[in-house]
Amino acid sequence: MCRIDNDNQKGKTVPASSRNASRSSDRILALLLLLLLAGAATYVCLRYRALAVNRDFLTARTPERLVKVISKYEASHPEAVEEARIRLADQYMNAKRFSEARAVYAAIIDKATYPEIRRLAAFNSASAYVFEGDHANAAAAFTALLAEPQLPLAMRAEASFALAGELRKAGRPEEAVPVLARLFETARTSGDPEASAVRKAAVAALKKLHEEIRTP
């Protein structure tokens, strides 16, 4: 037994088991404190790395710089790289570097995490052919996009009108008729809020197309 001789506890004794329990509790508290400090240090480190990654992406304002950043972080930060690829493709499109834009869109389509991103990349890739005046490849690309059964009505309408336009420019207006007819039928049976507007637009486009075909 251990004797306590201070004024308040004079004459009282504390069992050795209690003393050992107190020391054990102190060690546990010290260990927990160390774990908390280690966790805080890890959080700070990870936060610093995240800020560094964000800084690299945000300061990459040219296609050449974006290409380097994408290459650096492709394996470790796929979602950030996906966003950077979209920016890169947009920059190529704005610079009229259409073949390079299509190459980036192809990578986005291959690695996209969401179908919406994949569809938009496919639409923009087809549009790159339009800007180049390549009607045949543009028509083929829009046709491939329209083959997707889950394509939202709004994008289906845009792709259908674009395809019909490219077929007209290629001197094949008769082939545009079934494209617009399918769009009308899809909109007729759709519950999409935009269905009524799409039907009216398809009817107007079909009327204009028939007049064009009849005109020698």
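The values are calculated or read from the model by the stated rules, or taken from the named source; none is laboratory data. None of these values were measured; they are calculated from a predicted model. Reconstructed Cβ throughout: ideal geometry from the backbone, glycine too, with neighbour counts over all protein chains shown. All accessible areas refer to the heavy atoms of the entire protein, side chains included, with ligands and DNA or RNA removed. Shrake-Rupley method; radii C 1.70, N 1.55, O 1.52, S 1.80 Å.
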What whole number of Å gives the distance from the Cα centroid of the stretch 98-142 to the Cα centroid of the stretch 169-196?
-> 21
Binned Cα-Cα distances of the stretch 71-176, short to long, each 10 Å bin given as a whole percent = 15, 44, 30, 9, 2
Residue-ordered couplings for the stretch 55-69, obtained by feeding phi - 60° into the Karplus form 6.51 cos²θ - 1.76 cosθ + 1.60 and rounding to whole Hz (Gly and Pro as x), are 5, 4, 5, 5, 8, 7, 9, 10, x, 5, 5, 4, 4, 5, 5
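Given 0.36 nm per residue, what is the gain on full extension from residue 113 to residue 68 after removing their alpha carbon distance, in nm?
Numbers: separation 45, 0.36 × 45 = 16.20 nm, distance 2.14 nm.
Gain on stretching residue 113 to residue 68: 14.1 nm.
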Suppose R0 equals 30 Å; then what is the FRET efficiency for residue 181 and residue 137 from their Cβ-Cβ distance, rounded to the nearest 0.05?
-> 0.80
Residue order for 151, 120 - accessible surface, 1.4 angstrom probe, largest first | 120, 151
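Considering Cα pairs under 8 angstrom that are at least six residues apart, work out the relative contact order of the stretch 95-216 and quote it in whole percent. Before the final figure, lay out the partial values.
Values: 119 pairs, mean separation 20.3, N = 122.
Result for the stretch 95-216 is 17 percent.
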Convert each backbone phi in the stretch 179-190 into a coupling constant with the Karplus relation 6.51 cos²θ - 1.76 cosθ + 1.60 (shift: θ = phi - 60°), then list the ³J(HN,Hα) values in order as whole Hz, x for Gly and Pro.
-> 4, 6, 5, 5, 4, 4, 5, 4, 5, 4, 9, 8
Under a point spin-label approximation (7 Å from Cα along Cα-to-Cβ), what is the residue 61-residue 174 distance to one decimal in nm?
-> 5.5
